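The values are calculated or read from the model by the stated rules, or taken from the named source; none is laboratory data. Given the structure is predicted, the values throughout are model-derived calculations rather than measurements. We place every Cβ from the backbone using ideal geometry, glycine too, and count neighbours over all the protein chains shown. Side chains included, ligands, DNA and RNA excluded: accessible areas come from the protein's heavy atoms. Shrake-Rupley method; radii C 1.70, N 1.55, O 1.52, S 1.80 Å.
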Amino acid sequence: MKIYKYIYYATFLQSRKRNTAPEIPVYALLSLVQTNNLIVIINLFLFLTKVDINYDIRKIGIVGSITFYVINYYYFSLRGNGSKIINDKNYSLGQKSFWLDIFSFMSFFLTALTYYFYKEL
């Protein structure tokens with residue numbers, strides 16, 4: 001969960017410079033990354049257990065993204081955790097914030113890779 005707080009902090013600060021409602025792109029990125037991580041876990045579980053379930057990855061992607069968007073909105077906005085994270089300077093990675101972009105990109109890549117292994121092997 002801590003990595004998502006780092007992503008929230010870095011993305012919120014970048015989004016605040018360009019958007020009047022900086023939370024929307026932050027929640028969208030977080031929900032996509034979380035959905036991809038969920039799909040990776042599902043694919044790894046199904047691949048390792050050799051269970052042959054033909055699930056629709058697109059439906060999980062859509063439903064997961066919407067569900068995680070609502071959860072992130074509740075957690076960061078309604079509960080007030082977002083303002084606590086923004087005020088906490090410990091979440092600032094400075095020059096190392098590119099690692100968050102690499103993590104986000106790798107979540108997309110691992111989704112495709114694990115889905116390929118599950119379906120083809």
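List of remarks:
- Qualifying position, being surrounded by fewer than 20 Cβ atoms within 10 Å (Cβ to Cβ), within 13 Å of residue 72 (Cα to Cα) and not hydroxyl-bearing (Ser, Thr, Tyr), among 28, 21: 28
- Criterion (closer than 19 Å to residue 110 by Cβ and among the hydrophobic types (A, V, I, L, M, F, W, C)) met by exactly one of 68, 76: 68
- Tabulated pairs, the range 40-69, first farther than 18 Å from residue 30 by Cα, second basic (Lys, Arg) and surrounded by 16 or more Cβ atoms within 10 Å (Cβ to Cβ), C-beta under 8 angstrom, 6+ apart or interchain: none
- Residue check, residue 16 without any contact (Cβ under 8 Å) to a residue 60 or more places away in the chain, closer than 20 Å to residue 82 by Cβ and either open to solvent by less than 80 Å² (accessible area, probe 1.4 Å) or more than 14 Å from the chain's Cα centre (by Cα) (or both): yes
- The one condition from (1) touching a residue at least 24 places away in the same chain (Cβ under 8 Å); (2) open to solvent by less than 90 Å² (accessible area, probe 1.4 Å); (3) more than 18 Å from residue 15 (Cβ to Cβ) that residue 121 does not meet is (2).
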